[in-house]
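Heads up, the thing below is written out as structure tokens.
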Amino acid sequence: MTSTWLVTGGAGYIGAHVVQAMTRAGRRVVVVDDLSTGSPTRLPAGVPLETCSVLDTATLAAVMTRYDVTGVIHLAAKKAVGESVDLPLYYYDQNVRGTASLLEAMRATGVRNLVFSSSAAVYGVPPAGLVTESTPTLPINPYGTTKLVCEWLIRDAAAAQGLSWLSLRYFNVCGAGSPLLGDPGTANLLQLTLQALTRDVRPKVFGDDHPTPDGTCIRDYIHVADLADAHLAAVEALLDRDGLADYYNVGTGEGASVRDVVMAAQHITGIHLPYEVVAGRAIDPPEVVADPARIMAELGWKAQYGLHEMIESAWAAYRPAPVAV
Ligand SMILES: NC(=O)c1ccc[n+]([C@@H]2O[C@H](COP(=O)([O-])OP(=O)(O)OC[C@H]3O[C@@H](n4cnc5c(N)ncnc54)[C@H](O)[C@@H]3O)[C@@H](O)[C@H]2O)c1
């Protein structure tokens, strides 16, 4: 009989893709989600959902026992950078205390495997060149700091509890694995661009005087379906080998500029509204691109999709966000 994995935040944008990848690979999952930003409609039929917060340690432990859970993929968190600046206590509570609560439930029930959703935000403004896992971690906003503190918390609890864990540092996630699993958020460049184009508004580009070839910021965009497969690779490694304790960048190793993304979105949607350059934000790092060599060598994972497929799939899944009244 195959073991059961608990996916926290499984009803969210990335979580639903992870759940889909796990079930397609024949793995059993149970989802814990408070539905604060997720939706049960994103889950495949037959996947059990326990609607509760990860802050509820007792319920988490009861779920782990009831489903005989072998390991946890912990995605549940708040992720809006701007909101984290305004509400740092809330972000520490949800992200850091949420992870502490999960670790406590794992301790109480003897669950020993953990995959953690981390972020390139832990690197802050990295020095020039590809970002490796040993690039210094110096987050520049409370969201990034909570992710780094969670990594420390997991490392320290793991040493005491005998956990095996892998922290996946996602770069810029976009795209959709199917038209029903699009990103419902509006905080990333691609969603903002699609939203602007479909509302007949010129997409905004923040600064074209960065030290990059076209003057706009360069990021490493990763297809959410590729990212979901990286979780499968992490789960398989945790089941195969004992005592894992590591960090992996999950990116393509290829950068695309803001201008590249906006131009490609215009091409794919057929809506050719020219973009508008507005003042750049001093804090934006000019270039953040992953070196994915480590996850490729050690977990055998490699991104399959490029920018075109990410934008095409995001467009096929695009639903206009409700307009605030
Ligand atoms: N989207 C990105 O580009 C990106 C990049 C790096 C890291 N991440 C991380 O990936 C994870 C998933 O992000 P996403 O983009 O799918 O966001 P999302 O908001 O779509 O998903 C988060 C899910 O967690 C649930 N949740 C939030 N707080 C919870 C709590 N206290 N208890 C139980 N459930 C809770 C939400 O209802 C939602 O279903 C997060 O940890 C995020 O920090 C995302």
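Taking other C-beta atoms within 10 angstrom as a stand-in for reagent exposure, Trp301, Trp5 fall in the order Trp301, Trp5, fewest first.
Across the range 15-112, Cα-Cα distances exceeding 21 Å account for 35% of all pairs.
Largest GNM mean-square fluctuation among Leu192, Leu60, Leu163, using the chain with Cα springs under 10 Å: Leu192.
In this entry, the range 190-313 is assigned a mean projected area of 8.7 nm², taken as a quarter of its C-alpha convex hull surface. Extending 7 Å from Cα along the Cβ direction at Arg97 and again at Leu180 yields two label points whose distance is 3.6 nm. In this Cβ point-charge picture (+1 for Lys and Arg, -1 for Asp and Glu), the chain has a dipole of about 560 debye about its Cα centre.
Averaging Cα coordinates gives a centre for the range 245-265 and one for the range 44-109; these two points are 27 Å apart.
Taking 0.36 nm per residue of separation and subtracting the Cα-Cα distance, full extension of the segment from Arg66 to Glu276 would add 70.2 nm. Considering helices alone, the calculated mean residue ellipticity of the chain at 222 nm is -11000 deg cm²/dmol, with DSSP H runs of length four and up weighted by -39500 (n - 2.57) and normalised per residue. Beta-bridge orientation, the chain: approximately 5 percent antiparallel, per DSSP, counting only bridges with both partners inside. Close amide H pairs (under 5 Å, H built 1.01 Å from N) link Tyr170 with Ser118, Ser119, Ala120, Val250, residues at least 5 positions away or on another chain. All distinct Cα pairs of the range 202-265 go into the 1/r average, and the inverse of that average, the Kirkwood radius, is 14.4 Å. Here the Kirkwood formula, the inverse mean of 1/r across different C-alpha pairs, assigns the chain a hydrodynamic radius of 20.0 Å. Spin-label model, Ser39/Ala245: points 7 Å from Cα along the beta carbon direction are separated by 4.2 nm. Per-residue Cβ neighbour counts within 10 Å put His267, His223, His210 in the sequence His267, His210, His223, beginning with the fewest. When Leu87, Leu75, Leu244 are sorted by how many other C-beta atoms sit within 10 angstrom of their C-beta, beginning with the fewest, the order is Leu87, Leu244, Leu75.
By DSSP, the beta bridges lying fully in the range 163-277 are antiparallel in about 15 percent of cases.
Close amide H contacts of Tyr247 (hydrogens built in the peptide plane, cut-off under 5 Å, sequence separation of 5 or more or a different chain): Ser167.
Rule-based calculations on the coordinates, nothing more; no lab input. Keep in mind that this is a model prediction, so the values were computed, not measured. Methodologically, a virtual Cβ is constructed for each residue, glycine included, from the backbone with ideal geometry; neighbour enumeration extends over all protein chains shown.
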